[in-house]
1. Would you grab the residues whose amide H sits under 5 Å from the one on Val188? Only those 5+ places off in sequence or on another chain, please, with H modelled 1.01 Å from N.
2. Could you work out the relative contact order of the chain, using alpha carbon pairs under 8 angstrom and six or more residues apart, expressed as a whole percent?
3. For the stretch 101-106, just list the computed ³J(HN,Hα) in residue order, Karplus coefficients 6.51, -1.76 and 1.60, θ = phi - 60°, integers in Hz, with x standing in for Gly and Pro.
4. Can you give the angle from 0 to 90° between the axis of helix 119-130 and the longest principal axis of the chain, with both taken from C-alpha atoms, to the nearest 10?
5. Would you mind getting the accessible area per residue of the stretch 16-66, heavy atoms of the protein chains only, 1.4 Å probe, in Å²?
6. Once you've got the GNM for the chain with C-alpha springs shorter than 10 Å, pick whichever of Asn213, Asn124, Asn298 has the biggest mean-square fluctuation.
7. Could you work out the relative contact order of the stretch 141-236, using alpha carbon pairs under 8 angstrom and six or more residues apart, expressed as a whole percent?
8. Sort all Cα-Cα distances of the stretch 122-247 into consecutive 10 angstrom bins from zero, then give the percent of pairs in each bin up to the one containing the longest distance.
Amino acid sequence: MSNLNIAEMKGVIPAMITAFDEKENIDEKGMRECVQHLMSKKVNGLYITGSTGESLLMTAEERKRVVEIVVDEVSGKIPVVAHIGSIGTKTSILLAQHAQETGVDGISSLPPFYYSFTNDQIINYYSDITSSVDLSMIAYNISHAGLMGFDMLKKLSAIKGVAGVKYTASTHFDIMRIKKEIGRDFIVHSGSDEMAMSGLLSGADGIIGSFYNLMPEIFIAIKDAVIANDLQKAKNLQEKANTVIFFSLSRHPYSVIKKGMVWQGANAGYCRKPFDNYYNAESEKKLKDEFIQLKKDNDLSGIDFLDCI
(Lines give C-alpha, C1' and ligand atoms only; values in the text may rest on other atoms or scores of the structure.)
Protein backbone atom coordinates (compact mmCIF):
# COMPACT_ATOMS: atom_id res chain seq x y z
CA MET A 1 0.00 0.00 0.00
CA SER A 2 1.01 3.62 -0.55
CA ASN A 3 2.61 5.17 2.52
CA LEU A 4 4.43 8.25 1.21
CA ASN A 5 2.98 11.76 1.17
CA ILE A 6 3.28 13.28 -2.31
CA ALA A 7 3.33 16.73 -0.72
CA GLU A 8 6.82 15.75 0.43
CA MET A 9 7.87 14.75 -3.12
CA LYS A 10 10.10 17.69 -3.90
CA GLY A 11 13.24 18.05 -5.94
CA VAL A 12 14.20 16.17 -9.11
CA ILE A 13 11.62 13.70 -10.45
CA PRO A 14 12.26 11.97 -13.78
CA ALA A 15 9.28 11.58 -16.08
CA MET A 16 10.37 8.00 -16.50
CA ILE A 17 10.87 6.26 -19.83
CA THR A 18 9.24 2.91 -20.57
CA ALA A 19 11.71 0.25 -21.72
CA PHE A 20 10.57 -1.67 -24.80
CA ASP A 21 12.48 -4.45 -26.51
CA GLU A 22 13.23 -4.43 -30.25
CA LYS A 23 9.79 -5.98 -30.93
CA GLU A 24 8.14 -3.14 -28.96
CA ASN A 25 7.13 -5.34 -26.02
CA ILE A 26 7.60 -4.11 -22.45
CA ASP A 27 11.05 -5.15 -21.24
CA GLU A 28 10.54 -5.91 -17.56
CA LYS A 29 14.21 -6.52 -16.84
CA GLY A 30 15.08 -3.26 -18.56
CA MET A 31 12.42 -1.39 -16.58
CA ARG A 32 13.84 -2.68 -13.33
CA GLU A 33 17.38 -1.74 -14.36
CA CYS A 34 16.24 1.79 -15.16
CA VAL A 35 14.46 2.14 -11.82
CA GLN A 36 17.57 1.02 -9.97
CA HIS A 37 19.76 3.30 -12.08
CA LEU A 38 17.66 6.37 -11.30
CA MET A 39 17.42 5.54 -7.61
CA SER A 40 21.21 5.14 -7.50
CA LYS A 41 21.42 8.73 -8.80
CA LYS A 42 19.37 9.86 -5.76
CA VAL A 43 16.34 11.19 -7.61
CA ASN A 44 13.51 12.34 -5.36
CA GLY A 45 10.67 10.38 -6.96
CA LEU A 46 9.40 8.89 -10.21
CA TYR A 47 6.61 10.09 -12.50
CA ILE A 48 5.62 7.09 -14.63
CA THR A 49 3.44 6.26 -17.65
CA GLY A 50 3.36 9.85 -18.83
CA SER A 51 4.30 11.42 -22.15
CA THR A 52 7.95 10.41 -21.86
CA GLY A 53 6.79 6.93 -20.92
CA GLU A 54 5.00 6.74 -24.29
CA SER A 55 1.79 5.86 -22.46
CA LEU A 56 -0.49 7.06 -25.25
CA LEU A 57 1.14 4.44 -27.50
CA MET A 58 0.29 1.69 -25.00
CA THR A 59 -2.80 -0.32 -24.14
CA ALA A 60 -4.41 0.11 -20.72
CA GLU A 61 -3.17 -3.34 -19.70
CA GLU A 62 0.40 -2.43 -20.66
CA ARG A 63 0.21 0.75 -18.65
CA LYS A 64 -0.99 -1.22 -15.65
CA ARG A 65 1.90 -3.65 -16.00
CA VAL A 66 4.46 -0.84 -16.04
CA VAL A 67 2.95 0.58 -12.84
CA GLU A 68 3.18 -2.85 -11.21
CA ILE A 69 6.82 -3.30 -12.21
CA VAL A 70 7.95 0.12 -11.04
CA VAL A 71 6.08 0.04 -7.72
CA ASP A 72 7.48 -3.41 -6.98
CA GLU A 73 11.04 -2.37 -7.84
CA VAL A 74 10.90 0.91 -5.90
CA SER A 75 9.61 -0.94 -2.81
CA GLY A 76 8.52 2.24 -1.07
CA LYS A 77 11.98 3.85 -1.11
CA ILE A 78 10.88 6.95 -3.08
CA PRO A 79 7.44 8.29 -4.07
CA VAL A 80 5.85 7.11 -7.31
CA VAL A 81 3.20 9.10 -9.16
CA ALA A 82 1.40 7.31 -12.00
CA HIS A 83 -0.01 9.26 -14.91
CA ILE A 84 -3.42 7.72 -15.59
CA GLY A 85 -4.75 10.22 -18.11
CA SER A 86 -6.51 9.27 -21.31
CA ILE A 87 -9.08 10.82 -23.61
CA GLY A 88 -11.96 9.17 -21.74
CA THR A 89 -12.98 9.35 -18.10
CA LYS A 90 -13.86 5.65 -17.79
CA THR A 91 -10.40 4.48 -18.84
CA SER A 92 -8.71 7.02 -16.60
CA ILE A 93 -10.77 5.90 -13.60
CA LEU A 94 -9.90 2.25 -14.23
CA LEU A 95 -6.21 3.13 -14.45
CA ALA A 96 -6.44 5.27 -11.31
CA GLN A 97 -8.11 2.49 -9.34
CA HIS A 98 -5.52 -0.01 -10.47
CA ALA A 99 -2.72 2.41 -9.55
CA GLN A 100 -4.17 2.75 -6.06
CA GLU A 101 -4.47 -1.01 -5.65
CA THR A 102 -0.87 -1.41 -6.83
CA GLY A 103 0.43 1.04 -4.23
CA VAL A 104 1.42 4.27 -5.95
CA ASP A 105 1.69 7.42 -3.87
CA GLY A 106 -0.26 9.70 -6.17
CA ILE A 107 -1.82 10.00 -9.60
CA SER A 108 -1.63 12.56 -12.37
CA SER A 109 -3.57 13.29 -15.52
CA LEU A 110 -3.49 15.60 -18.47
CA PRO A 111 -6.92 17.02 -19.30
CA PRO A 112 -9.06 15.19 -21.87
CA PHE A 113 -7.93 16.22 -25.33
CA TYR A 114 -8.63 16.02 -29.09
CA TYR A 115 -12.30 17.00 -28.84
CA SER A 116 -13.03 20.58 -27.82
CA PHE A 117 -14.15 19.75 -24.30
CA THR A 118 -15.68 22.60 -22.32
CA ASN A 119 -14.21 23.86 -19.07
CA ASP A 120 -17.07 22.25 -17.15
CA GLN A 121 -16.38 18.93 -18.84
CA ILE A 122 -12.70 19.14 -17.92
CA ILE A 123 -13.57 19.98 -14.31
CA ASN A 124 -15.97 17.03 -14.22
CA TYR A 125 -13.25 14.79 -15.64
CA TYR A 126 -10.91 15.55 -12.72
CA SER A 127 -13.72 15.45 -10.18
CA ASP A 128 -14.92 12.05 -11.37
CA ILE A 129 -11.41 10.58 -11.15
CA THR A 130 -10.54 11.97 -7.72
CA SER A 131 -13.87 10.82 -6.28
CA SER A 132 -13.14 7.27 -7.46
CA VAL A 133 -9.90 6.87 -5.45
CA ASP A 134 -8.26 8.02 -2.24
CA LEU A 135 -5.09 9.24 -3.93
CA SER A 136 -4.00 12.83 -4.45
CA MET A 137 -4.13 14.10 -8.03
CA ILE A 138 -1.48 16.21 -9.76
CA ALA A 139 -3.16 17.88 -12.74
CA TYR A 140 -0.97 18.03 -15.84
CA ASN A 141 -0.89 21.35 -17.66
CA ILE A 142 0.83 20.93 -21.03
CA SER A 143 0.40 22.50 -24.46
CA HIS A 144 -0.08 19.09 -26.17
CA ALA A 145 -3.48 18.87 -24.48
CA GLY A 146 -4.22 22.59 -24.54
CA LEU A 147 -2.77 24.78 -21.81
CA MET A 148 -5.18 25.64 -19.02
CA GLY A 149 -5.13 29.23 -17.85
CA PHE A 150 -4.73 30.41 -14.28
CA ASP A 151 -8.48 30.73 -13.71
CA MET A 152 -8.97 27.12 -14.78
CA LEU A 153 -6.19 25.93 -12.49
CA LYS A 154 -7.82 27.82 -9.65
CA LYS A 155 -11.10 26.00 -10.29
CA LEU A 156 -9.31 22.65 -10.41
CA SER A 157 -7.60 23.39 -7.09
CA ALA A 158 -11.03 23.56 -5.44
CA ILE A 159 -11.77 19.93 -6.36
CA LYS A 160 -11.32 17.56 -3.44
CA GLY A 161 -8.27 15.43 -4.12
CA VAL A 162 -6.53 17.76 -6.58
CA ALA A 163 -3.31 18.50 -4.70
CA GLY A 164 -1.23 20.29 -7.32
CA VAL A 165 -0.15 20.71 -10.90
CA LYS A 166 2.65 19.60 -13.19
CA TYR A 167 3.16 22.91 -14.95
CA THR A 168 4.83 22.59 -18.36
CA ALA A 169 4.77 26.11 -19.73
CA SER A 170 7.08 29.10 -20.09
CA THR A 171 4.84 31.47 -18.12
CA HIS A 172 6.66 30.92 -14.84
CA PHE A 173 5.21 34.06 -13.33
CA ASP A 174 2.05 31.96 -12.96
CA ILE A 175 3.94 29.62 -10.60
CA MET A 176 4.39 32.54 -8.22
CA ARG A 177 0.76 33.50 -8.70
CA ILE A 178 -0.41 29.94 -8.00
CA LYS A 179 1.53 29.87 -4.75
CA LYS A 180 0.24 33.29 -3.71
CA GLU A 181 -3.43 33.05 -4.73
CA ILE A 182 -4.19 29.32 -4.56
CA GLY A 183 -1.96 28.58 -1.60
CA ARG A 184 1.51 27.55 -0.51
CA ASP A 185 0.29 23.98 0.03
CA PHE A 186 -0.82 23.57 -3.59
CA ILE A 187 2.00 21.56 -5.14
CA VAL A 188 3.66 22.89 -8.27
CA HIS A 189 6.13 20.83 -10.27
CA SER A 190 7.81 22.69 -13.11
CA GLY A 191 7.80 20.57 -16.26
CA SER A 192 10.10 22.39 -18.67
CA ASP A 193 13.54 20.75 -18.54
CA GLU A 194 15.29 23.68 -20.19
CA MET A 195 13.75 26.00 -17.56
CA ALA A 196 14.42 23.95 -14.42
CA MET A 197 16.31 26.77 -12.74
CA SER A 198 13.59 29.28 -13.59
CA GLY A 199 10.86 26.99 -12.26
CA LEU A 200 12.64 26.46 -8.95
CA LEU A 201 13.38 30.17 -8.57
CA SER A 202 9.72 30.92 -9.26
CA GLY A 203 8.68 28.76 -6.34
CA ALA A 204 8.13 25.29 -7.81
CA ASP A 205 8.27 22.48 -5.25
CA GLY A 206 10.03 20.20 -7.71
CA ILE A 207 10.89 19.60 -11.33
CA ILE A 208 9.57 16.77 -13.50
CA GLY A 209 11.10 16.13 -16.89
CA SER A 210 12.28 13.79 -19.62
CA PHE A 211 16.00 14.58 -19.55
CA TYR A 212 16.17 13.78 -15.84
CA ASN A 213 16.37 10.16 -17.05
CA LEU A 214 19.51 10.99 -19.03
CA MET A 215 21.44 13.30 -16.70
CA PRO A 216 19.71 13.53 -13.30
CA GLU A 217 22.99 14.49 -11.63
CA ILE A 218 23.00 17.85 -13.44
CA PHE A 219 19.46 18.72 -12.41
CA ILE A 220 20.09 17.62 -8.83
CA ALA A 221 23.09 19.98 -8.86
CA ILE A 222 20.85 22.78 -10.22
CA LYS A 223 18.36 22.18 -7.42
CA ASP A 224 21.12 22.19 -4.80
CA ALA A 225 22.66 25.38 -6.23
CA VAL A 226 19.28 27.17 -6.13
CA ILE A 227 18.75 26.08 -2.53
CA ALA A 228 22.24 27.38 -1.68
CA ASN A 229 21.43 30.64 -3.51
CA ASP A 230 24.42 30.09 -5.81
CA LEU A 231 22.63 31.39 -8.87
CA GLN A 232 25.71 31.66 -11.07
CA LYS A 233 26.44 27.98 -10.53
CA ALA A 234 22.80 27.10 -11.22
CA LYS A 235 22.90 29.15 -14.43
CA ASN A 236 26.09 27.46 -15.62
CA LEU A 237 24.62 24.03 -14.95
CA GLN A 238 21.38 24.93 -16.74
CA GLU A 239 23.41 26.05 -19.76
CA LYS A 240 25.21 22.69 -19.79
CA ALA A 241 21.92 20.84 -19.62
CA ASN A 242 20.40 22.97 -22.36
CA THR A 243 23.32 22.31 -24.69
CA VAL A 244 22.53 18.59 -24.47
CA ILE A 245 18.77 19.12 -24.64
CA PHE A 246 18.80 21.31 -27.75
CA PHE A 247 21.27 18.96 -29.44
CA SER A 248 19.02 15.99 -28.63
CA LEU A 249 15.71 17.55 -29.67
CA SER A 250 16.72 17.42 -33.34
CA ARG A 251 17.87 13.79 -33.04
CA HIS A 252 14.91 11.66 -31.90
CA PRO A 253 15.05 12.83 -28.24
CA TYR A 254 13.41 9.84 -26.54
CA SER A 255 15.76 7.50 -28.38
CA VAL A 256 18.74 9.67 -27.40
CA ILE A 257 17.66 9.53 -23.76
CA LYS A 258 17.32 5.76 -23.89
CA LYS A 259 20.69 5.28 -25.60
CA GLY A 260 22.37 7.49 -23.01
CA MET A 261 20.92 5.32 -20.26
CA VAL A 262 22.09 2.18 -22.05
CA TRP A 263 25.62 3.60 -22.21
CA GLN A 264 25.46 3.91 -18.43
CA GLY A 265 24.42 0.29 -17.99
CA ALA A 266 20.65 0.63 -17.70
CA ASN A 267 18.85 -1.15 -20.54
CA ALA A 268 16.28 1.48 -21.47
CA GLY A 269 15.62 -0.28 -24.75
CA TYR A 270 13.77 1.13 -27.73
CA CYS A 271 10.93 3.53 -28.53
CA ARG A 272 7.61 2.51 -30.01
CA LYS A 273 6.75 3.44 -33.55
CA PRO A 274 6.10 5.89 -35.04
CA PHE A 275 9.03 7.21 -32.94
CA ASP A 276 12.48 6.63 -34.41
CA ASN A 277 15.30 4.60 -32.91
CA TYR A 278 19.05 4.26 -33.16
CA TYR A 279 18.77 0.57 -34.00
CA ASN A 280 22.03 -0.35 -35.68
CA ALA A 281 25.70 0.03 -34.84
CA GLU A 282 26.25 2.58 -37.59
CA SER A 283 23.59 5.02 -36.43
CA GLU A 284 24.62 4.60 -32.79
CA LYS A 285 28.29 5.27 -33.64
CA LYS A 286 27.29 8.41 -35.51
CA LEU A 287 25.34 9.61 -32.46
CA LYS A 288 28.31 8.91 -30.20
CA ASP A 289 30.68 10.76 -32.53
CA GLU A 290 28.36 13.77 -32.57
CA PHE A 291 28.22 13.79 -28.77
CA ILE A 292 32.01 13.53 -28.58
CA GLN A 293 32.28 16.57 -30.84
CA LEU A 294 29.66 18.43 -28.80
CA LYS A 295 31.71 17.76 -25.68
CA LYS A 296 34.85 19.08 -27.37
CA ASP A 297 33.08 22.27 -28.39
CA ASN A 298 31.46 22.93 -24.99
CA ASP A 299 32.16 22.57 -21.29
CA LEU A 300 30.01 19.54 -20.51
CA SER A 301 31.96 18.27 -17.52
CA GLY A 302 29.97 16.43 -14.86
CA ILE A 303 27.51 14.82 -17.27
CA ASP A 304 27.88 11.13 -16.57
CA PHE A 305 26.50 9.61 -19.75
CA LEU A 306 29.02 11.57 -21.86
CA ASP A 307 31.85 10.09 -19.82
CA CYS A 308 30.60 6.62 -20.77
CA ILE A 309 31.01 7.14 -24.52
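The values are calculated or read from the model by the stated rules, or taken from the named source; none is laboratory data. Here the structure is a predicted model, which is why all the values come from computation and not from measurement. Remember, those area values only see protein heavy atoms, side chains included, never the ligands or the DNA or RNA. Shrake-Rupley method; radii C 1.70, N 1.55, O 1.52, S 1.80 Å.
1. Val165, Asp205, Gly206
2. In percent, rounded to a whole number, it is 19.
3. With coefficients 6.51, -1.76 and 1.60, one gets 4, 6, x, 5, 9, x Hz.
4. That helix lies at roughly 80 degrees to the long axis.
5. On the way: 2000 Å² over 51 residues.
Result: 39 Å² of accessible area for each residue.
6. Looking only at Asn213, Asn124, Asn298, the biggest GNM fluctuation is shown by Asn298.
7. Working: 121 pairs, mean separation 19.5, N = 96.
After rounding, I find 20 percent.
8. All Cα pairs considered, the percentages come to 13, 41, 30, 14, 1.
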